[in-house]
Structures are given as structure tokens and as C-alpha cells.
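Novice: Input: one structure, supplied below.
The values are calculated or read from the model by the stated rules, or taken from the named source; none is laboratory data. All values derive from a computational prediction rather than experimental measurement. Here the Cβ positions follow ideal geometry from the backbone for every residue, glycine too, while neighbour counts run over all protein chains shown. Side chains are part of the model used for accessible areas, which takes the heavy atoms of the whole protein and leaves out ligands, DNA and RNA. Shrake-Rupley method; radii C 1.70, N 1.55, O 1.52, S 1.80 Å.
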Amino acid sequence: MGSSDERVVAVIMVGGPTKGTRFRPLSLNIPKPLFPLAGQPMVHHPISACKRIPNLAQIYLVGFYEEREFALYVSSISNELKVPVRYLREDKPHGSAGGLYNFRDLIMEDNPSHIFLLNCDVCCSFPLPEMLVAHRRYGGIGTILVIKVSPESANEFGELVADPSTNELLHYTEKPETFVSDRINCGVYVFTPDIFTAIQGVSSQRKERANLRRMSSFEALQSATRSLPTDFVRLDQDILSPLAGKKQLYTYETMDFWEQIKTPGMSLKCSALYLAQFRFTSPYLLATGDGTKTAAVIGDVFVHPSAKVHPTAKNLLTLNYAQIGPNVSISANARIGPGVRLISCIVLDDVEVKENAVVIHAIVGWKSAIGRWSRVQGEGDYNAKLGITILGEAVTVEDEVVVVNSIVLPNKTLNVSVQQEIIL
Amino acid sequence: EHFRMKALILVGGFGTRLRPLTLSVPKPLVEFANKPMILHQIEALKAIGVSEVVLAINYQPEVMLNFLKDFETKLGITITCSQETEPLGTAGPLALARDKLIDDSGEPFFVLNSDVISEYPLKQMIEFHKSHGGEASIMVTKVDEPSKYGVVVTEESTGKVERFVEKPKLFVGNKINAGIYLLNPSVLDRIELRPTSIEKEVFPKIAAEKMLFAMVLPGFWMDIGQPKDYITGLRLYLDSLRKNASSKLATGTHVVGNVLVDESAKIGEGCLIGPDVAIGPGCVIESGVRLSRCTVMRGVRIKKHACVSGSIIGWHSTVGQWARVENMTILGEDVHVCDEIYSNGGVVLPHKEIKSSILKPEIQKFQLKLNNKKE
């Protein structure tokens, strides 16, 4: 067990606006790390997982967004969770390990014994305290969270091979063409401060090679790939691969869920995974109701306290509350009218859904208006390009209009039905 | 005066274009605006004193005759069937029914096409026929796309028919044969008992002798033998009802435009019905339902918050809660659309349950187990 002097720092890589292009049109309005899953910003989930680490001293969010985009969030989450959270902006790309190295002085200020590195766009149960315990036992410089996936999908990720008894990382390769292993890198790590030495080593090596190359212009011409800047260090290729098999890196396997949140469709899937997790960890966050005094709730549903779900109108003797769920998340100030049916969807802030409308497998953007008896529907294939219907900010779907398997960019009004289209 | 007039209604065959509805019921008995199609014509004939109607059919006379006995008693009119054993075209059936159509009164007889709806201004047609003294009168109606049909070219002032042109490539006129004729008994002498076309063989001969006259049909006209035209036809029919008998149409805050509701149907709270909707006997429309441009046949239940437009819902079917049925969806008899399902132009054969959405128009075929809806 660690002593009370052994402080831990967590670093969460949040990426930047040029990186999250697959998250459009939602990322046109909000930095992807702040997009809500199960009612909380995406980055909130790894942050609250970090809160469970004993002796957590500080959380750093590292990314390329402007500071002001995170200022409000960072100060409110620090207050809420009573742990210092700070956003650090990278001035230029340093690679996944180089970014960590770039801020090493700040990170080491608290003299931490261990440093967690997490990727914001990873959706999982973040078993961080358990990883730390295992890591201490292994005694290496780093422990990687891994998960088993289907052999067919493994080559989308970093594949790795671990020793079944010692859990040492024996081999690592990024997106291989042939099958190596069905265990993949989850993008969650714990390191000792030695990691900075390892990263610096890579940097120096590259500097040396660069100097050598300058002496041979023939070699420079021969170079098929552009040589990377010396301070650009990638975690996968430059650290994990070379250190595999040297008794320095170990693995910890999770048996829970794991997904990458690259597209809006995946955000809907991950929202459902987190809602299901709430049922175990914090059921008080989920909505309840049987349709008599409030909406009828089916399965896992989040409703922001400021959202209104009510029967409106005059002359209704039987009050038809909406029926909501499973897998629905409703954000602040949304208004859900009577007789509405919501299934597997994310309804963002200030949306109005009018009477008898139906929303299935969709994301409804901030301030949008969904008309009476209209229907916004996706097929439910999270991976297909048009498998989930996405409405951008302030989209109006007029009464009785049907929108199926489509993406609608912000501020559009739909007065005719559409299917399988991207509406600019 | 006309009390001994007779009429022949050409009912024809299997009604394949109105499937799946005609898989359960012979076409003349499929309801239109809450009344069997053929009853619209029989009532119009009865109203001007026709005493006997002959139905020229080639399919399921037993089913027809059972229904018709009912109408006979209620309306006080004689209805008989003349059954073809082989297809006789559009004129042959007249020869087959000759004995029923001619008596010694010498009165002309009507011939109606059973797929047609209109205001049936038959009294005016009789007067027109008497005034020109020709052998045959036909109604013609103006259409936007005459090349789809047979065009009747007439002399403007007298209505004398000059010629028929089948699906003309160049514009020759915009009046087509409306399928309503008034014929002197002598016309029957021109028709042999074999497959014959009245438009291609019989009428051209009469026109050549300058004995065929055409009257422009006042009011609306529609051939409702296929679903798209059936739905358009309902709009025209209800428009006409608004002008001539508006008390039959529904009223209320939940009604928009022209809506016909059988008195035994129930409509719940918070619905919006119309325009151009017909709701049949025993139907239950639950609360929060939106119906527009559709026909809901006898015994159908539309569950809460569902939305149906531009479609026909067959007898005893159900549409589930929050379901969306639109764009020429035709549900046959006893079809059940599950909750939250979307049907975009699905054509569903009888006794089927729809458990997954139909995103594009397609035909949902029979399942092998016809009686087990759970499969």
C-alpha cells in the first residue's frame, strides 16, 4: 500500500478542434470533450473516475483548444469534486507522449509517485484504483489498460501481447495489417516518473540521428518518410513498442465495456453504456416515473433537473405524459410535450419536443424544435455514417415531418420529409 | 317515367390493382367513403328510378349475391348477376346480359364502369339523350393528361362524337371516356357474344353513323381502381359532399377540412383528423392521433399518438402507439402494425404483424403461418 506521501497526478488528453472532425456537426458548436454523455460532459467521466484514486493531488486536461473554451468547465468541476482541475494548452503537436513530457515540470510539482494518462475519447469503467494496485505489484515504469476484442476488429487499434502469468508487455504494434493479438490498448495508462526519462531518451536519440543525417545528404534524399521533429514523441510507436519485452511495461485487463468515441453515433452508444453504469454506481442520477404524475420512464434515462416533461394544453381530460426510454438523456431546459415518445436518444439543451412527436436513435441539437406528430428516426447502427439521425444546433422539424437516417446541419428548417440525406 | 329503366354495371375481374384489399373482399364491395363502391352507383341509379341493375362479373358471384340481397331489400331494387365464363372485354358482357336488359318498353339502359366515382348526374344524361335523338350517349370528362387514356373528339356545339383516339401522342383533345353510357336497345344488335371492346369496335361504328353523342360530365370524376387514385378520389368526393350535403361531414375542434366519420366510430382526446379522411363503422381512434388523407376501414383501432397519412388501413387492422404510417401504405385485412413502427409506402397482405419499420415502399408478403399472428 502506498504511504500518504505518495501523491498521484492524472493527465487527460482532450485533443483539439482539428482532431475531432469526425464528430461534426456536433463539434461545430462545442468542443468534443464537453459533449454530454449520460447527462455529463464526456471528460467528466474520466475525471470522476480519477476522483476514486487515493491521494489524488491534481488533474490536468491537456489539449489544443483555446483556454477560454475550458475555463468555465474547469472551475466548476474543481468546485464540484473538490479536486484541482486545470486545463493546459499545447502550443504545438508533441505527439501523445511528447505532450505529457511538455508539461513535466508542472506535473512533477506535486512530486507524484504515479501519473495516470487517460484519453478523453475513451468510454470505459476506468478501473484506476485497481490499476494502481496492480502497477505497484508489477514494479515496472508503466501499466497499460487492455481489453479483449473480436479478432476482426483488433487491427483498428494497438494490438499487444502480454505474458499470461506476469502480465508483462511482451509485444506491441499499432494497427497491424496481419493478426497479432486480440488484446488491444485501451488508451489508459499509469506511469512512474521514470516515463519522462524514457521519453527524453527517445527525443535525444532522434536528435542524434538528425545530426547524423545532416552530414549525409545522400541519406537525406533517400529518406522515404519525413523525419519527425525531435520533440515529437508518440506513446505507441516510440515508447510502448521499443520497451515491450524489457520487463518495464505491464498490462491490466478490464472485463468491462470499452469503446472509442469518435463519431456522434458512438456518443449515443456510449451514453447508453454510462447510463447503464449509473444504475450500479449512482442510481439516484437516473429518472423514475410511471406516467401518472410524471413521464413514464423505461430503462435507463437521465433527465436534467431543469428539463420540463409535462402535459400541456387545455382540454385534456386524460393527461398523456411522454414515454421516455430506454437509453435517453435529456439536457438542461429541454421541454418535452404530452404524448411524446423518446427512445435511445440524446436531447440537448433548450430543445422543444411538441405533442405526439417520436424520436428514436437520434441526437437532437441544442435549441432545436421538433414539431407535433413529427418523427426523427435513425436505424440504430452506431457505426454507419447515417445510422443515427443527427440534428445540429437550432434545427426546426415542422409538424408531421419525418427525418430518417439523416444528418442536418445547424439552423436548418425541415418542412418536407427526408431520408438518408446530409442536409447542409 | 323512367321506372322501368335498367342498368348494367361492368364489374369485371379480380381487382388486382386494389390488392391487398381485394384479397379479402371482391372489389365492388370494398368501401369507398364508408360505402361499398358499387353501392354508390346503385344508389345513384335507384334515385332516378332504375328498377333493375345487372352486375356483369366474372369472379365470386356467391360473395357478391349475399351482400346484394341486403341492398335489394333496403333499396327496393332488383339486383342480378351476369357471369362471364370467359373474359368478354368491355362490350361482350352487354351481349351476355341482353335478355335482362331488353324488355318491350324500348327504354334506353345505363352502362356504368364500377371503378368510377362521380356525382352521377343521370337525370341530366337522360335529358341530353332524348334531346339529341341519337342511339348512344356517353359521358366524357376533362383530364390534365389525356394521353394516358382514350380521347374522345367531339363537335363542340352538339357533342356529336367524331372519333376515338387511343393514347394520342399529339394533343387532339382533353376529354376522355368517363365510363358512363346511356344506350338504346338497338346498340345490343351491334354486339356479338365474344370478347369485344366497346371503345375500339362498337362506339366507333356508331360514331361513324353520327349517332353517338358525348356530354361533359359536370362535377368530379375519378377511376378509383388503384390506391393512389382511390385516395385522390376521396378528396374529390368529400369536396362534393361539402357542397351538396355538408351535414354529413364531421365537425369539431379536432376536425380539419372534410372528414367523414361513421356514427359508431369513437375518437379520443387531442386528435387532429383531416383533411380528406373517412373513418368506418366501429373504428376506435385513441387520443393524440393524427389522421390526414386516409381511409380507415371498419373495425380498425388506431392507438395513441399514432400518425397516419395518405394511406388505406384495411378492416380490423391496428396501428400501434406512436406508429407512423404514410405515403401510400396499404394495409390489408387484419394487419397489425406494432408500436413505434414506421411504414413508408408498405403494402401489407392480410393477417400479418409488422414488427420492424418499412423505410421504403415495398410489399410485405404472406407468411406461411397465416393464422398465427405471433410469428
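Novice: Can you figure out the FRET efficiency of B:K355 with A:R52, using R₀ = 51 Å and their beta-carbon distance, to the nearest 0.05?
Specialist: E(calc), rounded to 0.05, equals 0.75.
Novice: Continuing with the same structure: How long are the three semi-axes of the equivalent ellipsoid for the stretch B:77-147, computed from the Cα gyration tensor as the root of 5 times each eigenvalue, in whole Å, largest first?
Specialist: Ellipsoid semi-axes (Å, largest first): 23, 20, 12.
Novice: Provide the gained length on full extension for the span B:T158 to B:D239, in nm with one decimal, where the gain is 0.36 nm per separating residue minus the Cα-Cα distance.
Specialist: Roughly 26.2 nm would be gained on extension.
Novice: Counting only other chains, what is the mean number of Cβ atoms within 10 angstrom of the Cβ of each residue in peptide A:86-93?
Specialist: Counting Cβ atoms of other protein chains within 10 Å of each residue's Cβ and averaging gives 0.
Novice: Another question, then. Relative to the longest principal axis of the C-alpha atoms of chain B, give the angle of the C-alpha long axis of helix B:122-132, reported between 0 and 90° and rounded to the nearest 10°.
Specialist: On a 0 to 90 degree scale, this one is about 20.
Novice: A further question follows. Quick one: divide the alpha-carbon radius of gyration of chain A by 2.2 N^0.38 Å and tell me what you get.
Specialist: 1.09
Novice: Pull up all non-local amide H partners of A:G289: gap of 5 or more, or a different chain, and H-to-H distance under 5 Å with H placed in the peptide plane.
Specialist: Amide H neighbours of A:G289: A:V297.
Novice: Right, here's the next one. With Cβ to Cβ distances under 10 Å as the rule, what net charge do the other residues near A:D236 carry (K, R +1; D, E -1)?
Specialist: After counting each charged neighbour, the total is 0.
Novice: A further question on this structure: Using a 10 Å cut-off on Cβ to Cβ distances, tally the other chain neighbours for every residue of A:367-377 and report the average as a whole number.
Specialist: Per-residue shielding by partner chains comes out at 3.
Novice: In addition: Helix B:37-47 sits at what angle to the longest principal axis of chain B, using alpha carbons and giving 0 to 90 degrees rounded to 10?
Specialist: 50 degrees
Novice: Based on the inverse mean of 1/r over its pairs of different Cα atoms, what is the Kirkwood hydrodynamic radius of chain B, in Å?
Specialist: It works out to 21.8 Å.
Novice: Run the quick spin-label model on A:L285 and B:F14: label points 7 Å from Cα toward the beta carbon, then report their separation in nm to one decimal.
Specialist: Label at A:L285, label at B:F14, 6.1 nm between them.
Novice: Enter the Cα centre distance for the pair the stretch B:254-304 and the stretch B:74-150, rounded to the nearest angstrom.
Specialist: 35 Å
Novice: Let me ask something else. Enumerate the calculated ³J(HN,Hα) couplings along the stretch B:200-213 in order (Karplus 6.51 cos²θ - 1.76 cosθ + 1.60, θ = phi - 60°), each rounded to whole Hz, writing x wherever the residue is Gly or Pro.
Specialist: So the Karplus estimates, Gly and Pro as x, are 8, 10, 7, 4, x, 5, 5, 5, 4, 8, 6, 10, 10, 10 Hz.
Novice: Roughly how many debye, to the nearest 20, is the charge dipole of the stretch B:16-60 about its Cα centre, given +1 on each Lys and Arg Cβ, -1 on each Asp and Glu Cβ, and no other charges?
Specialist: Taking the Cα centre of the stretch B:16-60 as origin, the dipole is about 200 debye.
Novice: By average Cβ neighbour count within 10 Å, what is the ranking of B:327-338, B:82-93 from highest down?
Specialist: B:327-338, B:82-93
Novice: If Rh is defined by the Kirkwood formula over all Cα pairs and Rg also comes from Cα, what ratio Rg/Rh do you get for the stretch A:350-424?
Specialist: Ratio value, two decimals: 0.92.
Novice: Ok, one more. Near B:K228, which lysines are there with a Cα under 23 Å away, not counting those fewer than 8 places off in the same chain?
Specialist: The reachable lysines, counting only those whose Cα sits under 23 Å from B:K228, are B:K27, B:K35, B:K142, B:K148, B:K167, B:K175, B:K352, B:K360, B:K365.
Novice: For A:K354, tell me the accessible area in Å² from a 1.4 Å probe, rounded to the nearest 10.
Specialist: Number for this one is 70 Å².
Novice: Just to be sure I understand: of the beta bridges DSSP finds with both ends in the protein assembly as shown, what percent are antiparallel, rounded to 5?
Specialist: Antiparallel: roughly 25 percent of the beta bridges in the protein assembly as shown.
Novice: Taking only C-alpha pairs under 8 Å that are 6+ residues apart, what is the relative contact order of chain A in percent?
Specialist: 12 percent
Novice: Take A:Q200, project a point 7 Å from its Cα along the Cβ direction, then tell me which residues of the stretch A:113-155 have their backbone nitrogen under 16 Å from it.
Specialist: none
Novice: Moving on to the next point. Need the full-extension length gain, B:E263 to B:T73, defined as separation in residues times 0.36 nm minus the C-alpha distance. One decimal, nm.
Specialist: Contour length minus Cα-Cα distance gives 66.2 nm.
Novice: Oh, and also: If you restrict to DSSP beta bridges whose two residues both lie in chain B, what percentage is antiparallel, to the nearest 5?
Specialist: So the antiparallel bridges in chain B amount to around 25 percent.
Novice: Do any GluC sites (Glu not before Pro) in the stretch A:129-202 lie in a DSSP loop with no more than 13 other beta carbon atoms within 10 Å, and if so, which?
Specialist: Those that pass, being in a loop and sparsely packed, are A:E152, A:E177.
Novice: Residues with amide H under 5 Å of B:I267's amide H, sequence separation 5 or more or different chain, H placed in the peptide plane at 1.01 Å from N; which?
Specialist: Excluding prolines and chain starts, which carry no amide H, the hits are B:I285.
Novice: When you look at the Cβ of every residue in B:206-219, what mean number of other chain Cβ atoms sits within 10 Å?
Specialist: Neighbouring Cβ atoms belonging to other protein chains average 0 per residue here.
Novice: Under 12 Å from the Cβ of A:I324, count the other residues' Cβ atoms, weight Lys and Arg +1, Asp and Glu -1, and hand me the total.
Specialist: -1
Novice: By its C-alpha gyration tensor, with a ≥ b ≥ c as the square roots of the eigenvalues, how is the stretch A:47-114 shaped: rounded for a/c under 1.5, else prolate for a/b larger than b/c, else oblate?
Specialist: oblate
Novice: By how many degrees, 0 to 90 and rounded to 10, does the Cα axis of helix B:61-75 deviate from the longest principal axis of chain B?
Specialist: It is inclined by approximately 80 degrees.
Novice: Of the DSSP beta bridges with both residues in the stretch A:1-89, give the percent that are antiparallel, rounding to the nearest 5.
Specialist: Antiparallel: roughly 15 percent of the beta bridges in the stretch A:1-89.
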